[in-house]
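Reading through the structure tokens given below for one structure.
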Amino acid sequence: MKKIIGTNTIGYNQKRNFVNLPFEKYQFEKKQNLNKIPAYLYAKLTKKTHQYYWNAYKDFDLQNVELFHFFNAISYGKTPWITTFETSIPRWGNKKSLEGLKLIDSKSCKKIIAMSSCSANIQKKFIQNNFPEFSDMIDEKLIVLHPPQKCPPLKSINKNFEDRLIFTIVGSDFFRKGGMEILIAFDRLFKKGITDWQLNIVSKMQYGDYASKTTTRDLEKAYKIISKYPNHIVHEYSLPNSKVLELFKKTHVGLLPTYADTFGYSVLEAQSYCCPVISTDIRALPEINNSDIGWVINVKKNELGNAILDTEKSRANFSNVLFNGLEKVLTEIFNDSTIIKNMGIECYRRVENSIELNTRTLEKIYDKITTSNNT
């Protein structure tokens with residue numbers, strides 16, 4: 001019988017990082033969080049997520065589990081727990097940071113797992129600048145583990161290079177992902193006579209995000225460009241993940257020239273189907289994409305790895321750098337598309353063993369916790 005690991009919710013991030021891994025001795029179960037009620041009421045009244053209620057777990061130790069594994073959350077209980085996080089923890093707002101750090105410092109917290117080295121550095125800098133007394137504890141409990149990515153058999157991936165090159169961008173926040181600059185770049189290429197391409201867009205075309213600050217005028221401009229190329233641009237409002245992966249199977253180059261992303265799961269998904277990716281170099285992206293396995297557009301960043309987007313001028317400068325970088329890279333690709341095959345193999349090799357690696361790494365952590373529970 002498998003041992004039970006509890007978690008407060010089983011959503012995309014949990015599945016992506018630990019729930020769906022092929023553990024032999026462990027299985028996950030969703031356990032009720034007493035903060036669920038105030039979290040629900042707050043969301044219903046304000047249409048916003050309350051960071052404390054959503055990321056603080058309380059159950060008065062009533063759940064019968066070996067341990068808890070959370071995503072971004074922290075537990076008040078005595079049951080052993082670990083958490084995987086994407087930027088830093090606690091995600092409770094400045095007023096409650098000390099309370100959260102005391103819980104991380106407790107014996108119940110066994111590990112905090114950063115999704116990237118960038119996130120680990122953000123966590124350490126936050127502690128050093130605000131709560132230096134916790135620095136040694138954080139260094140002891142903090143590890144880095146990139147999200148895993150399932151890969152199909154390499155021999156099953158056969159792309160057609162004889163017709164047109166296929167590019168794919170995936171993400172609800174189309175403009176934050178660099179979607180407008182992508183459209184403008186392909187529009188410019190077509191006008192230059194480069195027409196042997198297809199652009200797949202899987203997006204709800206959300207706009208007005210915190211990074212790009214786009215408006216309805218930008219949305220209208222985007223749809224206008226899309227409508228110009230019915231034989232070249234395929235727009236899907238939404239697709240299940242299985243269909244997205246089928247799309248990457250036929251895609252030659254993935255696209256994530258993003259303004260802001262904590263990680264970038266779609267990069268791993270593209271790479272698992274031998275699709276080298278064009279990305280920016282913000283946050284964790286340089287850890288999973290580089291010039292040997294894809295193309296990287298260098299942008300101005302702060303010390304935490306975030307793009308500098310605090311003013312209208314800085315966002316305009318970012319957009320200009322992004323567009324020029326995209327046009328340059330796309331032109332290079334169309335001048336010599338043979339590089340795609342070699343890069344595709346290299347990026348596949350980078351992720352092909354990640355499921356096995358992450359499963360083994362987490363099992364060792366779980367084993368150590370559950371063994372100590374029984375001694």
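Values in this text are rule-based calculations from the coordinates and carry no lab data. These figures come from a predicted structure and were not determined experimentally. Cβ coordinates were reconstructed from backbone atoms using ideal geometry, including for glycine residues, and neighbour counts include every protein chain displayed.
What the table shows:
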item	result
Alpha-carbon gyration tensor eigenvalues x 5, square-rooted, for segment 206-248, Å	23, 17, 7
For the chain, alpha-carbon Rg relative to the globular expectation (2.2 N^0.38 Å, N residues)	1.05
In sequence order, calculated HN-Hα J values of segment 327-333 (Karplus, 6.51, -1.76, 1.60; Hz; x Gly/Pro)	4, 5, 5, 4, 4, 4, 5
Folded to 0 to 90 degrees: helix 216-228 orientation relative to the chain principal axis, Cα	50 degrees
For the chain, the longest site-free run once GluC sites (Glu not before Pro) in DSSP loop states with at most 11 other Cβ atoms within 10 Å are removed	163-302
Gyration tensor over alpha-carbon atoms, segment 272-362, equivalent ellipsoid semi-axes in Å	27, 21, 7
5 Å binning of all Cα-Cα separations within segment 154-351, expressed as whole percents from 0 upward	1, 8, 17, 22, 22, 17, 9, 3, 1, 0
When segment 85-217 is reduced to its Cα atoms, the Kirkwood hydrodynamic radius in Å	19.1 Å
In degrees, nearest ten, helix 354-373 long axis to first principal axis of the chain (Cα)	10 degrees
Cross-link pairs beyond the 19 Å C-alpha cut-off, checked among Lys141/Lys301; Lys25/Lys364; Lys25/Lys368; Lys2/Lys78; Lys102/Lys368; Lys204/Lys328	Lys141/Lys301; Lys2/Lys78; Lys102/Lys368; Lys204/Lys328
Förster-model FRET efficiency, 56 Å R0, Lys102 and Glu246, C-beta, rounded to 0.05	0.75
Reference-scaled alpha-carbon Rg (2.2 N^0.38 Å with N residues) for segment 226-266	1.36
Degrees separating the helix 179-191 axis from the principal Cα axis of the chain, which is the longest one	20 degrees
Excluding exposed DSSP-loop chymotrypsin sites (Phe, Trp or Tyr not before Pro) (at most 13 other C-beta within 10 Å), longest clean stretch of the chain	238-375
Residue-averaged [θ]222 nm for the chain, counting only DSSP H segments that reach four residues, each worth -39500 (n - 2.57)	-12000 deg cm²/dmol
Leading residue at positive end of dipole, the chain (Cβ point charges), from Asn33, Phe18, Val296	Asn33
16 Å Cα-Cα reach of Lys47 towards lysines, excluding residues that sit fewer than 8 places from it in its own chain	Lys36
Net length gained if the chain between Asn342 and Asn64 were fully extended (0.36 nm per residue, minus Cα distance)	95.1 nm
